[in-house]
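A short worksheet on the structure shown next.
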Amino acid sequence: MTKIIMIEKHGGPEVLQLKNIEIGKPAPNEVLVENKAIGLNFIDTYHRSGLYPLKLPSGIGLEASGVIKEIGSKVSNLSIGDNVAYASLPIGAYAKERLLPCNKVIKLPPEINLEVAATIMTKGLTAFYLLNKTYKVSANEVILFHAAAGGVGQIFCQWAKSIGCKVIGTVGSEEKVSIAKKNGCDLVINYSKDNFKEKVLEYTNGEGVPVVYDGVGEKTFEGSLDCLKIRGTMVSFGNASGPLKEINVTKQIQPKGLFFTRPSMGHYLSTDAELLEASSELFNQLNYGKVKIEIFKKYDLENVIQAHKDLESRKIIGPAILIP
Ligand SMILES: NC(=O)c1ccc[n+]([C@@H]2O[C@H](COP(=O)([O-])OP(=O)(O)OC[C@H]3O[C@@H](n4cnc5c(N)ncnc54)[C@H](OP(=O)(O)O)[C@@H]3O)[C@@H](O)[C@H]2O)c1
């Protein structure tokens, strides 16, 4: 028997239930991973609430690190005892042990410890594709990233800075201003207090930025479009404040000839080659010290309800993990 967090219905944090289940043996192309740390991600709240509906009952969670305990008869890329991490479907990372397809599990280099590994496979791989594939940033470009002190934000801003970008970050409280600065932002705007559009235009001498990375969604969308320069790119990659309303192409996109994209990991990390390239770039960033991870908080898996409450009330500043 292994412990796992399940949901039987969508709703608030209280729908998260601890269960004990039998998981069985790995199929020929599967491995059994004993999770040592589980990444807490905002997307988990969308799965729980039903914003991104799941077939119920369901496990929850996408990201974890651990040790290979058993391998299926056809597995050749991994061995028993390997330290590994993953961020992928099927959903169900909030568990002590689980079965996974072997091609979705990445062997960790020895320098990366398991707790750090559980925070980077969703957030870090997302930072990789946003900066290198969705819109390829260049040195000296001024870029805007919302929720810069958050989990994705801290990795993204350090990485962008290491490329040579000038990074404008927004945050929701004074406490988070110094955190965003420490993680590479040149200018930090507290958007709970100040009008971020005005501040961005002031900083760029009225020109605007070539790209906005927006994981906040509803509350920041209009202002983000206003921050873009002509032919700018709006990257809407999340909905922390709520999903976007319909876009009016004639009013919102056409006047500046903007590009709009709504990417997710599945669009950029679906093949084995893409996943390996992105992971290797991410591990290099950590090994060269260009991205440093400070875990903000660890929760026991049993305390998952509190973890979700803290995440949704914006109390989690940076990467957080659940310990099974
Ligand atoms: N598309 C993809 O491939 C992909 C992959 C990973 C993550 N994401 C998205 O990236 C975003 C960041 O994810 P994360 O896991 O690192 O979370 P996070 O940034 O640690 O937490 C979300 C942050 O959003 C901000 N926020 C603004 N308005 C909010 C509201 N009404 N309620 C809650 N939070 C609000 C808060 O920061 P402030 O207090 O500073 O405003 C909060 O800390 C999420 O939207 C997530 O879904 C997308």
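The values are calculated or read from the model by the stated rules, or taken from the named source; none is laboratory data. The structure displayed is predicted, hence computed values, not measured ones. When we count neighbours, we look across all protein chains shown, and the Cβ atoms used for this are built from the backbone with ideal geometry, even at glycine.
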| remark: In region 298-324, anything in contact with a strand residue (DSSP E or B) (Cβ under 8 Å, 6 or more places away or on another chain), among the charged types (D, E, K, R) and within 11 Å of the ligand (Cβ to nearest atom) is listed as 310
| said: Which pairs turn up if I take residues in region 70-85 that are assigned by TED's automatic domain parsing to the domain that holds residue 116 and among the charged types (D, E, K, R) and look for partners that are in a loop (DSSP other than H, G, I, E, B) and at pLDDT 95 or above with beta carbon separation below 8 Å, at least 6 apart in sequence or on another chain? | reply: 70/25; 70/26; 70/80; 74/28; 74/29; 82/108
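Can you name the residue in region 106-119 that is surrounded by 24 or more Cβ atoms within 10 Å (Cβ to Cβ) and out of contact with any Pro (no Cβ under 8 Å at 6 or more places or on another chain) and, of all such residues, is nearest to residue 292 (Cα to Cα)? Steps first, please.
Just the residues of region 106-119 that are surrounded by 24 or more Cβ atoms within 10 Å (Cβ to Cβ), to begin with: 106, 117-119.
From what's left, out of contact with any Pro (no Cβ under 8 Å at 6 or more places or on another chain): 106, 117-118.
Details: 106: 20, 117: 12, 118: 14 Å.
Only one residue fits best here, namely 117.
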| Residues satisfying the stated conditions in region 208-220, i.e. under 17 Å from residue 248 (Cα atoms) and either in contact with a helix residue (DSSP H, G or I) (Cβ under 9 Å, 6 or more places away or on another chain) or part of a strand (DSSP E or B) (or both) | 220
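Rundown of residues vs (1) assigned to a loop (DSSP other than H, G, I, E, B); (2) crowded, with 17+ Cβ neighbours inside 10 Å; (3) among the polar types (S, T, N, Q); (4) in contact with a strand residue (DSSP E or B) (Cβ under 7 Å, 6 or more places away or on another chain), yes/no style:
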position: 154; (1), (2), (3), (4): no, yes, yes, no
position: 161; (1), (2), (3), (4): no, yes, no, yes
position: 179; (1), (2), (3), (4): no, yes, no, no
position: 199; (1), (2), (3), (4): no, yes, no, yes
position: 224; (1), (2), (3), (4): no, yes, yes, yes
position: 230; (1), (2), (3), (4): no, no, no, no
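Every residue in region 16-33 that is under 23 Å from residue 102 (Cα atoms) and crowded, with 17+ Cβ neighbours inside 10 Å, please. First the steps, then the outcome.
Keep residues of region 16-33 that are under 23 Å from residue 102 (Cα atoms), which gives 21-33.
Scanning region 16-33 gives 26, 30, 31, 32, 33.
Looking at region 129-152 only, could you name the residues that are outside any helix (DSSP H, G or I) and small (Gly, Ala, Ser)? Before you say what the answer is, go through the steps one by one.
We begin by selecting, within region 129-152, every residue outside any helix (DSSP H, G or I); these are 135-150.
The answer is 138, 139, 147, 148, 149, 150.
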| note | Those residues of region 65-98 which are assigned to a loop (DSSP other than H, G, I, E, B) and of a type in the set (Asp, Glu) amount to 82
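Could you please find all residues in region 163-177 being assigned to a strand (DSSP E or B) and not hydrophobic (A, V, I, L, M, F, W, C)?
Filtering region 163-177 down to residues assigned to a strand (DSSP E or B) leaves 166-171.
Within region 163-177, 166, 169, 170 qualify.
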| query | Picking from 36, 25, which residue would you name as being outside the structural domain of residue 238 (by TED's automatic domain parsing) and either more than 24 Å from the chain's Cα centre (by Cα) or in a loop (DSSP other than H, G, I, E, B) (or both)? | reply | 25
